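Only one structure is covered here, and it is reproduced in the block below.
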Amino acid sequence: MKVYNTLSKSKEEFAPLEEGKVKMYVCGPTVYNLIHIGNARPMIVFDTVRRYLEYRGYQVDYVSNFTDVDDKIIAKAIEEGVSAEEISQRYMKECQKDMEDMNVKPATIHPLATQEIDGMIEMIQTLVDKGFAYPASDGTVYFRVKRFSEYGKLSHKNLEDLQSGFRSLQVSGEGQKEDPLDFVLWKPKKEGEPFWPSPWCDGRPGWHIECSVMAKKYLGEEIDIHAGGEDLIFPHHENEIAQSECCNGKPFARYWMHNAFLNIDNKKMSKSLGNFFTVREVGEEYDLQVLRFFMLNAHYRSPLNFSRDLMTAAKNGLERIQTAAEHLRQIQKSGRDGELTQDEEKLLEQAEEFTRKFQEAMEDDFNTADAIAAIFELVKFSNTQAKENSTRLFAERLYDVLQTLTEILGFSLEVKEEILDQEIEDLIAQRQAARKEKNFQKADQIRDTLLEKGILLEDTREGVKWKRV
Ligand code: AMP
Ligand code: ZN
C-alpha cells in the first residue's frame with residue numbers, strides 16, 4: 001500500500017511500527033461554532049483511510065482531539081456571557097452529531113485539551129530542562145526553535161527564509177522572545193479567561209503542545225500516521241514535531257498525511273472569510289451521505305470546489321448505487337431458491353475483478369475517485385446480470401460485495417426516508433384527534449412511529465412541540 005508522505009513529498013510503501021496495528025492521530029476542530037464543510041473534509045477523508053486500514057485487517061487506534069480552550073472559544077463565551085466550558089461543550093456535541101450524520105465513526109478516543117493540562121505542563125518542563133524551551137520574565141514559555149536543527153523538515157522551509165519572513169512580521173509585545181522564530185508553549189492568563197496554575201505562571205497552554213501531549217499519552221512516543229488539513233503543515237505540525245522529537249528523543253510520526261482545501265470559487269472555505277456553509281445547513285438540503293460522496297469523488301490531495309452542480313451529480317451517483325442495491329434486495333426476496341448455477345458462479349468470479357480494482361485504487365494513496373469508479377462498474381454489472389430468474393443466493397452474494405465496498409467509503413445502501421415538516425404536523429394532528437377520542441393506543445402508536453423516524457414529541461403547556469433527534 002502506498003501513502004503520500006508530506007515529509008518526503010513522495011508516495012511511500014506503508015509499513016506500520018507494529019505489525020497489524022496502526023496508530024493514527026488526526027487534529028480535530030476547535031469547538032466554538034458549528035463546523036463548516038471545509039472542516040468536514042479531513043473528518044471524512046481520514047475516516048475513510050481508517051475504514052480501509054481496518055478492512056485490510058489492521059487494528060487502528062484512532063485519536064482525534066477537540067480543542068476546547070482557545071482565543072475564539074473565549075471570545076464567543078464573552079459575547080454570549082457564558083463560560084468557555086459551556087461554549088465548548090455545546091459545540092462539541094453539535095460536532096459529534098454532524099459526524100454521526102456524515103457516517104464518520106467516533107474515534108477510539110476523543111481527548112479534550114482541558115483534561116490534559118498536567119501532561120502539557122510535564123512536557124513543557126522536560127523541554128525547559130533539556131534546554132529546548134525557556135520561560136520569559138512574564139511567565140510565557142517559548143520553544144527555542146534554533147536548538148532543533150531539523151526544524152522546517154515537514155514544511156520544507158529553511159530556517160533562513162523563515163527568519164527573514166518573521167523579521168518583517170515581528171509584532172510589538174513579542175520582545176521577550178530570544179528569537180522571532182520561537183513559539184509559545186505556555187502563556188499567562190488574561191482577565192476573565194480560564195487558567196491553570198503552572199511552575200511559570202497561572203495561564204494556559206499554546207495550541208501546538210496539546211497535540212504532542214495527547215498523541216504521546218494515547219498512542220505513544222512514536223506513531224504511524226499523523227493527519228490534518230494542509231493549512232496545519234506550518235506552523236502547527238512543524239511545531240508538534242519540534243516539541244515531540246526534542247522531548248522524546250525519537251522520530252514522532254512516520255507518515256504525515258494532509259488533505260487539500262475545500263474551496264468556494266477557488267478560495268479556501270473558512271470562518272474568517274465568511275464564505276462557508278455549515279454541515280448543518282447542507283444537511284437541511286441533502287442527506288449528508290451526499291456530501292460524503294461529493295468529497296470522496298475527488299482525491300484527498302486535490303483542491304475541491306464546492307458547487308451545487310457537483311452536489312447534484314453526487315446525489316445522482318449515490319442514488320444509482322442505492323437503486324442497484326434495492327434491485328438486489330428485491331431478487332433476494334423474489335428470486336429462485338436453491339444453489340448457484342454454474343453461470344452464476346462464473347459471474348461471481350468475474351465480479352471479483354471490481355473488488356480488485358477497488359483495492360488497487362485504495363492502495364494507491366487512497367484514490368477514492370477511482371474506487372468509486374470501480375463501484376460503478378460493479379453496479380452496471382449487477383444491474384445487467386442479476387435478473388428476476390436469478391437465484392436468491394446470487395443476489396445475496398453480489399449484495400455482499402457491493403455492501404463491503406460501499407461500507408469502506410462509509411456509504412449506506414439503505415435510502416434514508418426523509419420525513420417532511422408537513423407530514424410531521426399531519427401525524428401530530430391525527431394523534432391529537434385520537435387522544436380526543438380516547439384512543440390512546442393509536443395516539444401512542446403515532447408517537448412511536450415518529451420516534452422511529454427521529455422525531456421526538458413533547459407535550460407542553462403550550463401544546464405539542466417536536467424536534468429531530
Ligand atoms: P480548525 O477548527 O480551523 O482548526 O480546523 C479543523 C480541521 O479542518 C483542520 O484539519 C483544518 O486543516 C481543516 N480545514 C479547515 N478549513 C478547511 C478547508 N476549507 N478545507 C479543508 N480542510 C479544512
Ligand atoms: Zn494538532
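The values are calculated or read from the model by the stated rules, or taken from the named source; none is laboratory data. If you're wondering where the values come from, they're calculated on a predicted model, not measured in any experiment. All Cβ positions, even for glycine, are placed from backbone atoms using ideal geometry, and neighbour counts span all protein chains on display.
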| query | Mind checking whether some residue in segment 392-414 is surrounded by 18 or more Cβ atoms within 10 Å (Cβ to Cβ), small (Gly, Ala, Ser), touching a His at 6+ places or on another chain (Cβ under 7 Å) and more than 30 Å from residue 14 (Cβ to Cβ)? | reply | no
| said: Here's a check for you: in segment 213-240, which residue that is within 16 Å of ligand 1 (Cβ to nearest atom) and over 19 Å from residue 43 (Cα atoms) is surrounded by the fewest Cβ atoms within 10 Å (Cβ to Cβ)? | reply: 234
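Sort out for me the strands (runs of 3 or more DSSP E) sitting completely within segment 1-72 that have 2 or more residues that are within 16 Å of ligand 1 (Cβ to nearest atom).
21-26, 59-64
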| said: So the check is Cβ under 8 Å with 6+ separation or different chains; which pairs have a first residue in segment 227-238 that's outside any helix (DSSP H, G or I) and a second one that's among the aromatic types (Phe, Trp, Tyr) and within 6 Å of ligand 1 (Cβ to nearest atom)? | reply: 229/261
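Taking segment 185-199 as the search range and keeping residues that are surrounded by fewer than 21 Cβ atoms within 10 Å (Cβ to Cβ) and either within 19 Å of the chain's Cα centre (by Cα) or touching a residue at least 40 places away in the same chain (Cβ under 8 Å) (or both), which one is farthest from ligand 2 (Cβ to nearest atom)?
My answer is 192.
Suppose we filter segment 150-170 for residues that are modelled with pLDDT of 95 or more and either more than 30 Å from residue 199 (Cα to Cα) or surrounded by fewer than 19 Cβ atoms within 10 Å (Cβ to Cβ) (or both); how many remain?
Of the residues in that region, 5 qualify.
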| task | Take segment 251-278 and flag every residue that is assigned to a strand (DSSP E or B), more than 16 Å from ligand 2 (Cβ to nearest atom) and touching a Lys or Arg at 6+ places or on another chain (Cβ under 8 Å). | result | 262
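Conditions (1) within 14 Å of the chain's Cα centre (by Cα); (2) within 16 Å of ligand 2 (Cβ to nearest atom); (3) not assigned by TED's automatic domain parsing to the domain that holds residue 193, marked per residue:
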| residue | (1), (2), (3) |
| --- | --- |
| 8 | no, no, no |
| 20 | no, no, no |
| 23 | no, yes, no |
| 29 | yes, yes, no |
| Qualifying positions in segment 417-460 - over 30 Å from the mean Cα position of the chain (by Cα) and in contact (Cβ under 8 Å) with a residue 40 or more places away in the chain | 424
| Could you list, in sequence order, the residues of segment 242-274 that are surrounded by fewer than 18 Cβ atoms within 10 Å (Cβ to Cβ) and more than 16 Å from ligand 1 (Cβ to nearest atom)? | 248, 249, 250, 251
| Residues located in segment 33-75, provided they are among the aromatic types (Phe, Trp, Tyr) and within 16 Å of ligand 2 (Cβ to nearest atom) | 46, 62, 66
| task | Residue by residue through segment 293-316, note down the ones that are of a type in the set (Lys, Arg) and either part of a helix (DSSP H, G or I) or closer than 19 Å to residue 411 by Cβ (or both). | result | 308, 315
